[in-house]
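Derivation of every value follows stated rules applied to the coordinates shown; laboratory data play no part. Note that the structure is a prediction, hence the values are computed from the model and not measured. Cβ atoms come from the backbone with ideal geometry, glycine included; neighbour counts cover every protein chain shown.
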Amino acid sequence: MIFRQLFDSTSSTYSYLLASRHGGEALIIDPVLERVDRYIQLLKELDLRLVKAIDTHLHADHITGLDALRERTRCITVMGEQTKADVVSIRVADGDRVDIEGLSLEALYTPGHTDDSYSYILPDRVFTGDTLLIRGTGRTDFQNGDARAQYDSLFGRLLKLPEETMVFPAHDYKGDTVSTIGEEKAFNPRLQVKSIDEYVELMNNLNLPNPKMMDVAVPANMRIGLARDIVAERGWTLTAEEAKEALGKPDVALVDLREDQERRKDGTIPGSLHVSYPDLEESLKADGLLQHLAKGGGKRLIFFCTYGQRSAMAVQAAQAAGLETARHISGRLQAWKAAHGPLSR
Ligand SMILES: [Fe+2]
């Protein structure tokens, strides 16, 4: 595995770049906006293609690099389903997996620091966001933080992982880089409590100042999606009703950009073609499948996904590849369901 721990000294944030091989797909966890140039350079140096960027939670102390990375690499942005960030491409729930070539992370819902906090598990390590820090735990006094929920996330979930599991947090302010579950159980002062009430008491009396960036970072991180707005302005959208009318017409090809996990969960539009978003770029090349369909077969491409975010980016990519009739179904797949559009499993 290729694994890089990257540090932003301004906010003391750790970001993690993961891939299974050189020349393959990569994923980044908790990227920081100011460091995006560095990530892009490193991706080039290691010959990696960024396909997913995850934020463990809505950050209050730095502006996320999710949006900039998506604009520059067309990667998929991932957060938990509880997040208030406006446009995230994939929202995960507890137990879902985030896959890239050769690597599969399990999403573990660990609220407490915020109500949208997730940890991500690999067999030998866990990315704990701000839920479990090295010899500390994330504060619980703002952004719907909840010390009781955090106690359950820690004692009921994270500390039940095997003791040798390596712990990689989203921050460290002392210079530590990695710990293990066993080490934290034994030496983390916040975890030496005898009851949930003792933990809540401890967390409610920390009296910490608000993070310096909070007033800037939280609103910025809630509005990380622009592709949908741009695509709507250009008129490259269809409503669910319009798409329903187009369904089955000989000059139309519906393209499902979702992953298998999502297709199993919600079903798919009958007759649609499956090109998962990471394969899109390939299929838009001169000899690619979608180019053949559109240019050779005279089909109008209509993209869809779960939240209308990947499909908006797909329209931009298709238009850039010269496919002027490409559109997407605006709104969520929910809108299609609400319009009684057919879905099959
Ligand atoms: Fe945080």
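Per-structure values
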| read-out | value |
| --- | --- |
| Selected from A240, A19, A321 as most flexible by GNM, with the chain as the system and alpha-carbon contacts under 10 Å | A321 |
| Net charge dipole size for the chain [Lys, Arg +1 and Asp, Glu -1 on Cβ; Debye, nearest 20] | 800 debye |
| Efficiency of FRET from Cβ geometry, D176 and Q261, R₀ 35 Å, rounded to 0.05 | 0.55 |
| Gain in span if fully extended, E242 to R72, counting 0.36 nm per residue against the direct Cα distance | 58.1 nm |
| Under 22 Å from the Cα of K52 - lysines, other chains or at least 8 residues apart | K44, K84, K265, K285 |
| Simple spin-label estimate for L343 and N204 in nanometres, 7 Å along Cα-Cβ | 4.1 nm |
| Under DSSP loop assignment and at most 15 Cβ neighbours within 10 Å, longest chymotrypsin sites (Phe, Trp or Tyr not before Pro)-free interval of the chain | 174-345 |
| Förster-model FRET efficiency, 45 Å R0, E45 and T325, C-beta, rounded to 0.05 | 0.70 |
| Relative contact order (%) - segment 170-311, alpha-carbon pairs under 8 angstrom, separation at least six | 20 percent |
| Relative packing of 325-333, 244-252, which averages over residues the other C-beta atoms within 10 Å, highest first | 325-333, 244-252 |
| Approximate spin-label separation D141-E34, in nm, with each point projected 7 Å along Cα-to-Cβ | 2.4 nm |
| For R135, net neighbour charge (Lys/Arg +1, Asp/Glu -1) across residues whose Cβ lies under 13 Å away | -1 |
| Förster radius 45 Å - calculated FRET efficiency between D124 and A286 (Cβ-Cβ, nearest 0.05) | 0.60 |
| Extreme residue, positive dipole direction of segment 58-147, given options T73, I100, F142 (C-beta unit charges) | T73 |
